[in-house]
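Values quoted throughout were computed directly from the atomic coordinates according to the rules given, and no laboratory measurement underlies them. It should be emphasised that the depicted structure is a prediction, and the values quoted were computed from it without experimental measurement. Cβ: placed from backbone, ideal geometry, glycine included. Neighbour counts: every protein chain shown.
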Amino acid sequence: MAIESNRVKAIHIRYFDLDFPPEGKVPIPLIPVIFNEKPVNLGVIPVIFIKKRLFDRISIDSIPNLANKVFGLISEINRSIQQNPPGVQFDCDWSEKTKNKYFLFLRAYRALAKSGISCTIRLHQVKYAGIMGIPPVDYGVLMFYNMGEIDAGSGNSVYEKSIAEKYSPSIKTYPLTLDLALPIFTWSLQLRDGRVIQLLNKMSFAHFENDSNFNRVTATRYSVRNSCFLGGYYFRVGDSVKIEHVSEDDLMDISGQVNQYTNQKIRNLIFYDLDQRNLSLYEKNIIPEIRSRIY
């Protein structure tokens, strides 16, 4: 089992999303997690995903109350599984415009919580730290993925070396201690008339390779031969599928960049996401190999 063989000590679990609906008057939690059983022998790090538009719409006066409600819901979920996590991770792609409200929320939550807090940090927020600000958290989680455009072109929106190299040198001067989140997921894009019409989450090579309705035309593309349903999605003759995946070579390249620019200050490695389907696309020793390159 991957968790046991790689000495995983904690798993990050998305507890719920936070959004400010277009017609709503207050932010609301979406899709709170429900546990069928208590996680065994593993620590849990709650993850709260916050939609960008929330901090565009919320008033400054409402932020302390929001922090209090979020703290209460997280605490309720923790009690349901008898967990006392060492912290919580907030995932919000803040902007120069929303940073003050977001950082105020983080401070308000930190005042309530007895444990530490962290937040995700994108590469552009590292490079332009003077503009984007430094979040008031105990440590950051550097997301080394989702750096390209989701489009029908030849690029890879999950990881593009040419883009990463423009930003990664800035890591060495970033003042926060960092965890590193690496992509081991694959997703697919359904294309029609040269445009992306939808993201096919958790659909990879295996879904299309042995299906006679699809024909492989390049290393990462399939054409639709016959109209059909697959995985709950409808595909029309003439559509195509573009698969975006981070190869082992890409992961080694990322590891090299991080090692070069972090001065070995990475705390922990996080793999998104660690499931058997994703791991099956890599050699068995991929995680120890990455670890050895970073530390």
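Charges only on Cβ, +1 for Lys and Arg, -1 for Asp and Glu: so what's the dipole of the chain about the Cα centre, in debye to the nearest 20?
Using Cβ point charges on Lys, Arg, Asp and Glu, the chain gives about 700 debye.
So what's Rg/Rh here for segment 166-295, counting alpha carbon atoms and using the Kirkwood radius for Rh?
Radius of gyration over Kirkwood radius for segment 166-295 works out to 1.08.
Can you tell me the orientation of helix 99-112 relative to the chain, as the angle in degrees between its alpha-carbon axis and the longest Cα principal axis, to the nearest 10?
Result, in degrees: 60.
Stokes-Einstein at 10 °C, 1.306 mPa s, Kirkwood radius from Cα pairs: D for segment 190-242 in µm² s⁻¹?
145 µm²/s
Select from 232, 155, 140 the residue whose mean-square fluctuation is largest in a Gaussian network model of the chain (Cα-Cα springs shorter than 10 Å).
232
Given H placed 1.01 Å from N in the peptide plane, which residues other than close sequence neighbours of residue 177 have an amide H under 5 Å from its amide H?
For residue 177, the qualifying residues are 140.
Angle between the Cα long axis of helix 248-262 and the longest principal axis of the chain, 0 to 90 degrees, nearest 10?
30 degrees
Pick out which of 202, 101, 242 has the largest mean-square fluctuation in a Gaussian network model of the chain, springs linking Cα atoms closer than 10 Å.
Sorting by GNM fluctuation, first place goes to 202.
For segment 60-140, how many pairs of lysine residues have a Cα-Cα distance under 20 Å, where the two are 8 or more positions apart or belong to different chains?
4
Quick one: 3J(HN,Hα) in Hz for segment 74-82, Karplus 6.51/-1.76/1.60 with θ = phi - 60°, rounded, Gly and Pro as x.
Each residue of segment 74-82 in turn: 4, 4, 5, 5, 4, 5, 5, 10, 6 Hz.
Report the residues of segment 224-253 in range of a label on residue 212: point 7 Å along Cα→C-beta, backbone N strictly under 12 Å from it.
It comes to 226, nothing else.
With θ set to phi - 60° and the Karplus curve 6.51 cos²θ - 1.76 cosθ + 1.60, what are the ³J(HN,Hα) couplings of segment 167-176 in order, to the nearest whole Hz, using x for Gly and Pro?
Result, rounded to whole Hz: 10, 4, x, 6, 4, 5, 9, 6, x, 7.
Check the straight Cα-Cα distances from residue 38 and name the lysines below 20 Å, setting aside those fewer than 8 residues away within the same chain.
Partners found: 9.
I need the phi-derived Karplus couplings for segment 147-152: 6.51 cos²θ - 1.76 cosθ + 1.60, θ = phi - 60°, integer Hz, Gly and Pro marked x.
Going residue by residue, I get 10, x, 8, 7, 8, 8 Hz, with x marking Gly and Pro.
Excluding residues fewer than 8 places away in the same chain, name every one of the aspartates and glutamates whose C-alpha is closer than 16 Å to that of residue 265.
138, 179
I'd like the distance between the alpha-carbon centres of segment 94-169 and segment 262-295, rounded to an integer number of Å.
20 Å
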